[in-house]
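Sharing a structure, written as structure tokens. Questions coming.
The values are calculated or read from the model by the stated rules, or taken from the named source; none is laboratory data. Note that the structure is a prediction, hence the values are computed from the model and not measured. Neighbour counts run over all protein chains shown; Cβ positions are idealised from the backbone, glycine included.
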Amino acid sequence: MKISDSYDSWASSYDSGRNSTRDLEAEVLRETFLNPHYGNILELGCGTGKNTGWLSEKADFVIAIDFSSNMIAKAKQKVTAENVTFIEADLINEWPVKPGWANLITCSLVLEHIQDLEQIFAEAARALKRNGKFYICELHPGKQYAGGRANFSTSEGLHTPEAFVHHLSDYLNAAKANDFKLLDINEFFVDREKENIPRLLSLVFESGI
């Protein structure tokens, strides 16, 4: 099954199912960007809109992209702000934004499903204004090494969309190759007392060094 088809199947239960990784990432994003305003925001992998409404309050305009038509349909039901535009698109292709449009790009729990990070950083560099910010929050590499990956259950059983392991050096090297500077790096646990591996890794880069 294609990854996009998997997320189409997941869309109906994505918001209602227990998902501590999803919920933790939402907290991380809100803690990372405390300033009141960020101009134009490009949201990569908006899913059902768990972050889109919050981002719309921080932006003049938001373009929210996802490759799952069912996920976007759910997001449109939840987020009706006039400054948000939803676009169905695959991030492995050229992104549907003008060069230098975005002040901030957010990418939440997306890149484990994309093999080529170089292409993602190249498109981010094209889409961002100079000194724009690129936020990434993904399943921690250590968690991936231990076999962790996105999964969900339906009446047909357990589904595990195709995933790719990305080392920390993969992110840093792709960033360097596209003239990004690392501004911030953090690791997050769902329950520090019960987990010996962080659940999430967050990175914030600045474009145009």
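Applying the selection to the stretch 169-209, what residues are over 21 Å from Gln119 (Cα atoms) and touching a helix residue (DSSP H, G or I) at 6+ places or on another chain (Cβ under 7 Å)?
Across the stretch 169-209, the qualifying residues are Phe188, Val190, Ile197, Pro198, Arg199, Leu200.
For the structure I just gave you, tell me whether Phe67 is surrounded by 15 or more Cβ atoms within 10 Å (Cβ to Cβ) and closer than 23 Å to Leu172 by Cα.
no
Which residues, taken from the stretch 74-98, are touching a residue at least 60 places away in the same chain (Cβ under 8 Å) and not in a helix (DSSP H, G or I)?
Scanning the stretch 74-98 gives a single hit, Asp90.
If a residue counts only when it is modelled with pLDDT of 85 or more, which strands (runs of 3 or more DSSP E) contained entirely in the stretch 139-209 have at least 2 such residues?
Details: elements: 152-154, 157-159, 180-188, 200-207.
In the stretch 139-209, 180-188, 200-207 are the strands (runs of 3 or more DSSP E) which contain 2 or more residues that are modelled with pLDDT of 85 or more.
Can you tell me which of Ser4, Ser9, Ser56, Ser13 is modelled with pLDDT under 95 and under 17 Å from the mean Cα position of the chain (by Cα)?
Sole residue among the options that is modelled with pLDDT under 95 and under 17 Å from the mean Cα position of the chain (by Cα): Ser4.
Do any residues in the stretch 163-180 that are more than 19 Å from Ala125 (Cα to Cα) have Cβ atoms under 8 Å from those of residues that are assigned to a loop (DSSP other than H, G, I, E, B) and at pLDDT below 95, where the two are at least six apart or on different chains, and which pairs are they?
These pairs meet every condition: Ala163/Arg149; Ala163/Ala150; Phe164/Ile114; Phe164/Gln115.
Does at least one position in the stretch 43-54 carry a residue that is within 23 Å of Gln144 (Cβ to Cβ), touching a residue at least 60 places away in the same chain (Cβ under 8 Å) and polar (S, T, N, Q)?
Scanning the stretch 43-54 turns up no residue that is within 23 Å of Gln144 (Cβ to Cβ), touching a residue at least 60 places away in the same chain (Cβ under 8 Å) and polar (S, T, N, Q).
Right, next: Check whether at least one residue in the stretch 131-138 is buried (at least 21 other Cβ atoms within 10 Å of the Cβ), under 21 Å from Asn173 (Cβ atoms) and aromatic (Phe, Trp, Tyr), and report yes or no.
Yes, the stretch 131-138 contains at least one residue that is buried (at least 21 other Cβ atoms within 10 Å of the Cβ), under 21 Å from Asn173 (Cβ atoms) and aromatic (Phe, Trp, Tyr).
Could you tell me which numbered condition Met71 fails, if it satisfies all but one of (1) part of a helix (DSSP H, G or I); (2) among the hydrophobic types (A, V, I, L, M, F, W, C); (3) without any contact (Cβ under 8 Å) to a residue 60 or more places away in the chain?
Condition not satisfied by Met71: (3).
Okay, next question. Considering each residue of the stretch 99-137, count those that are more than 24 Å from Gly53 (Cβ to Cβ), assigned to a loop (DSSP other than H, G, I, E, B) and not small (Gly, Ala, Ser), and give that number.
Total satisfying the criteria: 4.
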